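A short worksheet on the structure shown next.
The values are calculated or read from the model by the stated rules, or taken from the named source; none is laboratory data. All of these numbers come straight from a predicted model, not from anything done at the bench. FYI the Cβ positions are ideal-geometry reconstructions off the backbone, even for glycines, and counts take in every protein chain you see. To get the accessible areas, we keep the full protein, side chains included, count just its heavy atoms, and leave off ligands, DNA and RNA. Shrake-Rupley method; radii C 1.70, N 1.55, O 1.52, S 1.80 Å.
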Amino acid sequence: MSLCLGGWNWNTRDLHLHGFDRSQTACVSAGAKVSAMKQHAFVISLVLLAFVPACNGRGSARVRDLLGGDAAYPLIADGAQTVTAYRIDGMDRKGKTNGVHGYPMLAGPVDVDKTSQRELADVLTSDGTYLWDIAKACEFSPGVAIRYEDGGESVDVLLCFSCDELEVYAGAEKVGHEDFDPRRADLVKVAKRLFPNDKQIQGLK
């Protein structure tokens with residue numbers, strides 16, 4: 001039997017010759033094994049911790065880009081001074097100067113409560129919310145818009161529940177478009193909470 005101590009490989013016979021009896025030799029061997037196991041566990045823990053953000057995907061580079069970059073992203077992720085919601089008519093786009101990016105307003109603004117803000121932040125900032133490599137043959141017709149405003153910055157997230165897609169505008173500029181199929185249920189729940197008297201929204205599944 002051999003073991004490594006201080007960078008040297010020792011045979012248990014050599015330890016015995018240097019004054020260690022068999023019980024001490026066994027003890028040293030067991031201690032070395034335990035120490036090695038602890039070191040391995042520590043290294044594995046560090047590796048796992050390093051990969052936690054990547055696995056979680058929250059705030060990944062492509063999510064930040066989708067949500068408007070470094071200036072706009074914090075309004076959604078960390079909370080904005082004002083967060084409001086609008087019911088919009090996605091089937092009747094008049095032009096970019098009317099309504100919400102051209103979509104007529106049917107209701108709102110409605111103040112978005114803190115619970116809904118947290119739920120929206122969880123959904124919108126998660127990498128796993130989106131189907132990044134999917135393209136749909138579906139006409140984007142948003143029914144709900146969420147507006148974040150803080151310190152002169154504004155971000156609008158338009159939600160289309162017929163296509164399960166969203167568009168993001170930083171100010172007047174469209175900065176992102178993506179599918180949110182994996183988290184449809186969560187976004188429907190928030191929309192129903194914000195518009196409890198809207199029959200079309202309440203009828204969403």
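Within the bounds of the stretch 185-198, is there any residue that is over 19 Å from residue 71 (Cβ atoms) and in a strand (DSSP E or B)? Don't jump to the end; show me each part of the working.
Step one: of the stretch 185-198, the residues over 19 Å from residue 71 (Cβ atoms) are 185-198.
Cutting the leftovers down to in a strand (DSSP E or B) gives us none.
No, the conditions are met nowhere in the stretch 185-198.
For the stretch 86-125, the tally of residues that are in contact with a helix residue (DSSP H, G or I) (Cβ under 8 Å, 6 or more places away or on another chain), under 15 Å from residue 157 (Cα atoms) and in a loop (DSSP other than H, G, I, E, B) stands at 2.
Name the residues in the stretch 67-90 that are among the acidic types (Asp, Glu) and out of contact with any strand residue (DSSP E or B) (no Cβ under 7 Å at 6 or more places or on another chain), would you?
Let us first name the residues in the stretch 67-90 that are among the acidic types (Asp, Glu), namely 70, 78, 89.
70, 78, listed by residue number.
Criterion first (within 20 Å of residue 189 (Cβ to Cβ), touching a Lys or Arg at 6+ places or on another chain (Cβ under 8 Å), of a type in the set (A, V, I, L, M, F, W, C) and not in a helix (DSSP H, G or I)) does residue 83 satisfy it?
Values: within 20 Å of residue 189 (Cβ to Cβ): yes; touching a Lys or Arg at 6+ places or on another chain (Cβ under 8 Å): yes; of a type in the set (A, V, I, L, M, F, W, C): yes; not in a helix (DSSP H, G or I): yes.
For residue 83, the condition - within 20 Å of residue 189 (Cβ to Cβ), touching a Lys or Arg at 6+ places or on another chain (Cβ under 8 Å), of a type in the set (A, V, I, L, M, F, W, C) and not in a helix (DSSP H, G or I) - is met.
Return yes when residue 93 is modelled with pLDDT of 65 or more, open to solvent by 80 Å² or more (accessible area, probe 1.4 Å) and within 12 Å of the chain's Cα centre (by Cα) and no when it is not.
Details: modelled with pLDDT of 65 or more: yes; open to solvent by 80 Å² or more (accessible area, probe 1.4 Å): yes; within 12 Å of the chain's Cα centre (by Cα): no.
So residue 93 does not fit the description; no.
With the structure loaded, tell me whether residue 136 is at pLDDT below 95, more than 22 Å from residue 60 (Cα to Cα), touching a strand residue (DSSP E or B) at 6+ places or on another chain (Cβ under 7 Å) and in a loop (DSSP other than H, G, I, E, B) or whether it fails that test.
On the way: at pLDDT below 95: yes; more than 22 Å from residue 60 (Cα to Cα): yes; touching a strand residue (DSSP E or B) at 6+ places or on another chain (Cβ under 7 Å): yes; in a loop (DSSP other than H, G, I, E, B): yes.
The answer is yes for residue 136.
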